[in-house]
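Structure record follows, encoded as structure tokens.
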Amino acid sequence: MEPERPIAPSTLSVKDLPWQILWDLEKCTLCGKCTAVCPVNAIELGVFRKRILEPPAEITLETATAFKSYYGIRQKTDPAYRCVGCAMCTMVCPNDAIVPCRTDESDKLKFHVDQGGQPRRRGGRRNMPGGVLDRLKFIRISMLTDPALDAGRHEFELRTLLGRVLPPEENLKFLRINGWIPPVREIYPLIIGAMSFGALSPTMWEGLQMGVAYLNEELKMPVRICTGEGGCPPRLLRSRFLKYVILQIASGYFGWDEIIHAIPEMKEDPCAIEIKYGQGAKPGDGGLLMWYKVNKLIAAIRGVPTGVNLPSPPTHQTKYSIEESVAKMIQSMYMAWGFRVPVYPKISGTSTALAVLNNLTRNPYAAGLAIDGEDGGTGAAYNVSMNHMGHPIASNIRDSYLTLVQVGMQNQLPLLAGGGIGKNGNLAANAAALIMLGASGVQIGKYVMQAAAGCLGSESDRCNICNIGLCPKGITSQDPRLYRRLDAEQVAQRLVDLYLSFDTELKKIVAPLGRSTSLPIGMSDALGIDDPNIAERLKIKYVV
Amino acid sequence: MCRLFAITSQEPLSPMVALNALDVMREGHDCSGVGIFLRDLAGPFEDIKDAPILSGIFSDKGLKRLDTFMMDIGFMTKYKISVKLPKIPPPGVPKRDVYLIRAYEYPEEWEDMSQPQLYDQLLKIRLQLRTMGEEKKDMIVFSFWPDVIMIKEIGDPMLVAEHLNLDRKELNARVIMAQGRQNTNYAITLYACHPFFIQGYATMTNGENTAFVPIRSFLESRGFDGYSGYQSDSEVFTHILHYTVTKLGLSLETYKHVITPLQEEDLHNHPNRHFLKNLKQTCRPLIIDGPNCVIGCLPDHSVFMVQDRKKLRPGVVGGKRGVYAFSSELCGLDAAIPNRDKSKDFQPMHLDTAFVGPGRQEVTLWNQKDPLPLPH
């Protein structure tokens, strides 16, 4: 029989797609909200022809078949219009008549998504649930020999240091002789990692900034937020709130013309400067803001024309060796703010992290090292980079910490861990585990988007369209019709909720370990895991 | 929980004063071991204050190895206390061949050494002996230092004292520190037994050190041989003190700021805030988290007590002009110095450092919020 549609190699059925729309004719009111809200136009109003058999009670010559048509929802099977599983249709449906469901087997779309020879690009994270962080347990519970603390009533000092801390002998000597002591910030150990203005929508950015300001000024929590590579709005640069901001400079230098020109007018120094050399989600690849999102505002802040792709090079083009790339750049950045602002590099998790670290230990200016593990998120990257490139954060941080211990610099060069912290919702447990493995603090991005703004993304490849500016929640879109969906005040409120609950949970972890006077950095005797190989690798206890 | 007792007196005292005080507090320890530290010695050691004294436990073989080792370097025995042991030790006390307390004459070649060089050599020899002993299990070395004797043994303190006949004139001293051990989470090894000693600094601690692992990592990575071989989480308190005073050149008052720095608000209001903030940041890995009561002794014979910031272990200081004691419990203090003015007894709290100087004239209290003394 002739097929209804021509069958080409890339002809897919609904069954071949990763997400299938289940739609209930009985419940549907045909209001059209689902088709209107679908960010990728995966569903449309469909007219269906249906044969209905109505055999009469008596045998007659008249036909027993009638044809009727009805209206409903049709899911497109063209790879360009595939359902991304965001489930906004479900969210807007007044009758719960529609829901996307994950296919029960491996989808066939992945073999055909590269139409025109263009491999898949997307936003989001590595599509791999689970991970080692959730398996780490805190096993050193204080009991009778050392009574546990009361997480609710004891005083806690859960702060960390960002900046080059001199060894005690040198620090005290420099105090005596009035020498230069590198700037050190005392900050909250949970840092909002780099998400650029451009990758995020204006409402999302504003909400985060408001939340951070509230946490600092009203709740006295020294929370810091990193700008990512996209510059910083001019008003923020000239406001007192800049001190809560870590400015990022990356290989595209986007926005830095604006920043440099604002320096004479800055009322406050920024918290720190992060030099991005790599990102966990797409190691060895530069930043990417796709043309969809480069509108007039973004273009103005970044100093570029509108509507063009903004790929940052994978490396800083003007430099070619680690000595130049790291040392000179760190020094130049220090110089820009009169040696009052800590400057630290951020790299993606890699088996060569120790080479970078060893270089930094010999650089008296390096204020820390941020390592972003393979589970880090991004606004746009090639799927292959996201899923297959990179190094898990746990062993990278552990190795780095133990290397610092070996040279006695564990307090001098703070390590910040990023990538997949809280990816399964266990933010405080993951953060505390990394701190006990040796991190001075942790950076989070996706968790903030999920908790503070309701990002729909998941490790099961849900949504993940941050790259094309169609974020159905308005978190990563530059289209006012979309980002108006997001209320900046509510984002700020949720961010405060997130930090307060994190703070309580962190206390609920450290108090039973008997710690409260300082963050238990490197307290690896508190950690255990039920896998002997991981235990051996991380030099922690094997417990069953 | 262990029980601690320290006494500093103008008149030399028998170690039994401290052991009796521990015995009064015996409900607080399980008689699993005892450690005694004696300093500012009287008796035969009075006249040889500069001669380093080696304290330890040796097997007969170990003693021979020791003699060869020391003679090779050029040390000559100047004086020794012979401890005659009954053939059968009391129950719970292991059988040992020799408890050694021996003062040496420095090798002639060392005459030109400066004092710091000399002290480094003494430390080096103690560590070497410890390593040698650990290899063949025939020596345990507690201290090798002028005017200092240390005795440690497993068992009931009173039985050990009787066994070793500690109530003898040769062992009288003006500073005595003693610990009755409550075995907790570490196997009984004498190297885990308080008090701990390094280059003139001694401390003993009551409680458990929750921040032990990061502190140990920090000390071990200082590049100083003495910061090694940790068998007890409390040994780091001695080493932090040593580090604070000798490596950083800071005072005892600052020790409290190193182990339990002020929190932000108090720090902000402190007259030395700039210094203290730097100190807190740069010494961050040395912050303890308690619960601990630390009693210690400095090379100048001052004796002190500090508490951790919030959990606190029992500790009281009291006495009268010429004799003061630091004790885990009041009953221990009562046993040692009954006829003192009890209204002057003081229990240091989270901000306090209490110390009695070498003159033994008064208990000096120093609050962490006070301005730091000017550098000497």
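Does A:Glu229 satisfy the criteria of being in the same structural domain as A:Ala429 (by TED's automatic domain parsing), acidic (Asp, Glu) and buried (at least 20 other Cβ atoms within 10 Å of the Cβ)?
Working: in the same structural domain as A:Ala429 (by TED's automatic domain parsing): yes; acidic (Asp, Glu): yes; buried (at least 20 other Cβ atoms within 10 Å of the Cβ): yes.
So A:Glu229 passes the test.
Quick check: anything in segment A:395-416 closer than 13 Å to A:Gly377 by Cβ and assigned by TED's automatic domain parsing to the domain that holds A:Gly379?
Looking only at segment A:395-416, we keep the residues that are closer than 13 Å to A:Gly377 by Cβ, and these are none.
Within segment A:395-416, not a single residue is closer than 13 Å to A:Gly377 by Cβ and assigned by TED's automatic domain parsing to the domain that holds A:Gly379.
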Check your understanding: Among B:Leu279, B:Leu262, B:Leu241, which is the only one that is surrounded by 19 or more Cβ atoms within 10 Å (Cβ to Cβ), more than 9 Å from chain A (Cβ to nearest Cβ) and not in a loop (DSSP other than H, G, I, E, B)?
Key -> B:Leu241
Exercise for review: Taking A:Gly514 as the residue in question, decide whether it is among the small types (Gly, Ala, Ser), in a loop (DSSP other than H, G, I, E, B) and within 14 Å of chain B (Cβ to nearest Cβ).
Suggested key: yes
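Looking at A:Lys137, A:Lys76, which one is touching a residue at least 12 places away in the same chain (Cβ under 8 Å) and farther than 30 Å from A:Ile397 by Cα? Don't jump to the end; show me each part of the working.
Working: A:Lys137 fails: farther than 30 Å from A:Ile397 by Cα.
From the options A:Lys137, A:Lys76, the qualifying one is A:Lys76.
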Exercise for review: Restricting attention to strands (runs of 3 or more DSSP E) lying wholly within segment B:1-120, give those where 2 or more residues are over 29 Å from B:Asn292 (Cβ atoms).
Suggested key: B:3-13, B:52-58, B:76-81, B:98-105
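Residues to consider are A:Ile98, A:Ile73; find the one that is over 32 Å from the mean Cα position of the chain (by Cα), among the β-branched types (Val, Ile, Thr) and either under 30 Å from A:Glu459 (Cβ atoms) or loosely packed, with under 11 Cβ neighbours inside 10 Å (or both). Give the derivation first.
Numbers: A:Ile98 fails: over 32 Å from the mean Cα position of the chain (by Cα).
Step by step, each of A:Ile98, A:Ile73 is checked, and only A:Ile73 is over 32 Å from the mean Cα position of the chain (by Cα), among the β-branched types (Val, Ile, Thr) and either under 30 Å from A:Glu459 (Cβ atoms) or loosely packed, with under 11 Cβ neighbours inside 10 Å (or both).
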Revision key, fill the gap. A:Leu12 passes all but one of the listed conditions (1) part of a strand (DSSP E or B); (2) of a type outside the set (S, T, N, Q); (3) touching a His at 6+ places or on another chain (Cβ under 7 Å); the exception is number (1)
Review point. Any idea which residue in segment B:302-312 is farthest from the other protein chains (Cβ to nearest Cβ), counting only those that are under 13 Å from the mean Cα position of the chain (by Cα) and in a strand (DSSP E or B)?
Key: B:Val303
Review point. Does B:Val213 satisfy being outside any strand (DSSP E or B), surrounded by fewer than 24 Cβ atoms within 10 Å (Cβ to Cβ) and at the interface with chain A (Cβ under 7 Å from one of its Cβ atoms)?
Key: yes
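Restricted to segment A:137-147, and to residues that are assigned to a loop (DSSP other than H, G, I, E, B) and surrounded by fewer than 18 Cβ atoms within 10 Å (Cβ to Cβ), which residue is nearest to the other protein chains (Cβ to nearest Cβ)? Steps first, please.
Let us first name the residues in segment A:137-147 that are assigned to a loop (DSSP other than H, G, I, E, B), namely A:139-147.
Right, trim to surrounded by fewer than 18 Cβ atoms within 10 Å (Cβ to Cβ) and you get A:139, A:141, A:143-145, A:147.
On the way: A:Ile139: 13, A:Ile141: 11, A:Met143: 10, A:Leu144: 9, A:Thr145: 5, A:Pro147: 7 Å.
Across segment A:137-147, the extreme among qualifying residues is A:Thr145.
Across segment B:298-331, which residue is nearest to B:Arg26 (Cα to Cα) among those that are touching a residue at least 24 places away in the same chain (Cβ under 8 Å) and out of contact with any Gly (no Cβ under 9 Å at 6 or more places or on another chain)?
Taking segment B:298-331 first, the residues touching a residue at least 24 places away in the same chain (Cβ under 8 Å) are B:298-319, B:321-329, B:331.
Among the residues that remain, those that are also out of contact with any Gly (no Cβ under 9 Å at 6 or more places or on another chain) are: B:315, B:317-319, B:321-323, B:331.
Numbers: B:Gly315: 15, B:Val317: 19, B:Gly318: 20, B:Gly319: 21, B:Arg321: 28, B:Gly322: 27, B:Val323: 23, B:Cys331: 10 Å.
Of everything passing the filter in segment B:298-331, B:Cys331 is nearest to B:Arg26 (Cα to Cα).
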Exercise for review: Search segment B:282-301 for residues being in contact with a Phe, Trp or Tyr (Cβ under 8 Å, 6 or more places away or on another chain) and more than 8 Å from every other protein chain (Cβ to nearest Cβ), and hand back the single one that is surrounded by the fewest Cβ atoms within 10 Å (Cβ to Cβ).
Suggested key: B:Pro299
Study note, to complete from the structure: Here the residues within segment A:82-108 that are modelled with pLDDT of 95 or more and farther than 22 Å from A:Pro472 by Cα are none
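Each row is one residue, and each column tells you yes or no for (1) of a type in the set (A, V, I, L, M, F, W, C); (2) surrounded by fewer than 21 Cβ atoms within 10 Å (Cβ to Cβ); (3) on the phi < 0 side of the Ramachandran plot.
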site	(1), (2), (3)
A:Ala439	yes, no, yes
A:Glu459	no, yes, yes
A:Ser477	no, no, yes
A:Gln490	no, yes, yes
Review point. Quick one: is A:Tyr277 hydroxyl-bearing (Ser, Thr, Tyr), surrounded by 15 or more Cβ atoms within 10 Å (Cβ to Cβ) and within 18 Å of A:Val343 (Cβ to Cβ)?
Key: yes
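Would you confirm, using the coordinates I've provided, whether A:Leu162 is within 14 Å of another protein chain (Cβ to nearest Cβ), without any contact (Cβ under 8 Å) to a residue 24 or more places away in the chain, of a type in the set (A, V, I, L, M, F, W, C) and under 26 Å from A:Asp525 (Cα atoms)?
Values: within 14 Å of another protein chain (Cβ to nearest Cβ): yes; without any contact (Cβ under 8 Å) to a residue 24 or more places away in the chain: no; of a type in the set (A, V, I, L, M, F, W, C): yes; under 26 Å from A:Asp525 (Cα atoms): yes.
For A:Leu162, the condition - within 14 Å of another protein chain (Cβ to nearest Cβ), without any contact (Cβ under 8 Å) to a residue 24 or more places away in the chain, of a type in the set (A, V, I, L, M, F, W, C) and under 26 Å from A:Asp525 (Cα atoms) - is not met.
For segment A:334-392: of the residues being charged (D, E, K, R) and more than 17 Å from the chain's Cα centre (by Cα), which is farthest from A:Glu229 (Cα to Cα)? If you could, list the steps in order and put the result at the bottom.
Initially, segment A:334-392 is screened for residues charged (D, E, K, R), giving A:340, A:346, A:362, A:372, A:374-375.
Subset that is more than 17 Å from the chain's Cα centre (by Cα): A:340, A:362.
Numbers: A:Arg340: 21, A:Arg362: 27 Å.
That would be A:Arg362.
Among B:Glu46, B:Glu27, which is the only one that is more than 28 Å from B:Glu108 (Cα to Cα), acidic (Asp, Glu) and either surrounded by fewer than 16 Cβ atoms within 10 Å (Cβ to Cβ) or not assigned by TED's automatic domain parsing to the domain that holds B:Asp300 (or both)? First the steps, then the outcome.
Numbers: B:Glu46 fails: more than 28 Å from B:Glu108 (Cα to Cα).
Checking each option against the conditions leaves just B:Glu27.
Residue-by-condition table, conditions (1) hydroxyl-bearing (Ser, Thr, Tyr); (2) in contact with a strand residue (DSSP E or B) (Cβ under 6 Å, 6 or more places away or on another chain):
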position: B:Asp225; (1), (2): no, no
position: B:Glu235; (1), (2): no, yes
position: B:Thr246; (1), (2): yes, no
position: B:Gln263; (1), (2): no, no
position: B:His270; (1), (2): no, no
position: B:His274; (1), (2): no, no
position: B:Asn278; (1), (2): no, no
Revision key, fill the gap. Picking from A:Ser251, A:Ser196, the residue that is among the polar types (S, T, N, Q), surrounded by fewer than 24 Cβ atoms within 10 Å (Cβ to Cβ) and touching a strand residue (DSSP E or B) at 6+ places or on another chain (Cβ under 8 Å) would be A:Ser251
Point to revise | Conditions (1) in contact with a strand residue (DSSP E or B) (Cβ under 8 Å, 6 or more places away or on another chain); (2) at pLDDT 95 or above: number failed by A:Asp487 | key: (1)
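So, restricting to helices (runs of 4 or more DSSP H) that lie completely within segment A:395-491, which ones have at least 3 residues that are in contact (Cβ under 8 Å) with a residue 40 or more places away in the chain and touching a helix residue (DSSP H, G or I) at 6+ places or on another chain (Cβ under 6 Å)?
Values: elements: A:427-437, A:446-453, A:480-483.
Those helices (runs of 4 or more DSSP H) span A:427-437, A:446-453.
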Exercise for review: Provide a single number: the residues in segment A:165-206 that are within 11 Å of chain B (Cβ to nearest Cβ), aliphatic (A, V, I, L, M) and not in a helix (DSSP H, G or I).
Suggested key: 4
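The values are calculated or read from the model by the stated rules, or taken from the named source; none is laboratory data. From a predicted model like this one, the values you see are computed outputs, not experimental measurements. Because the Cβ atoms are built from the backbone with ideal geometry, glycine has one as well, and the counts that use them run over all protein chains shown.
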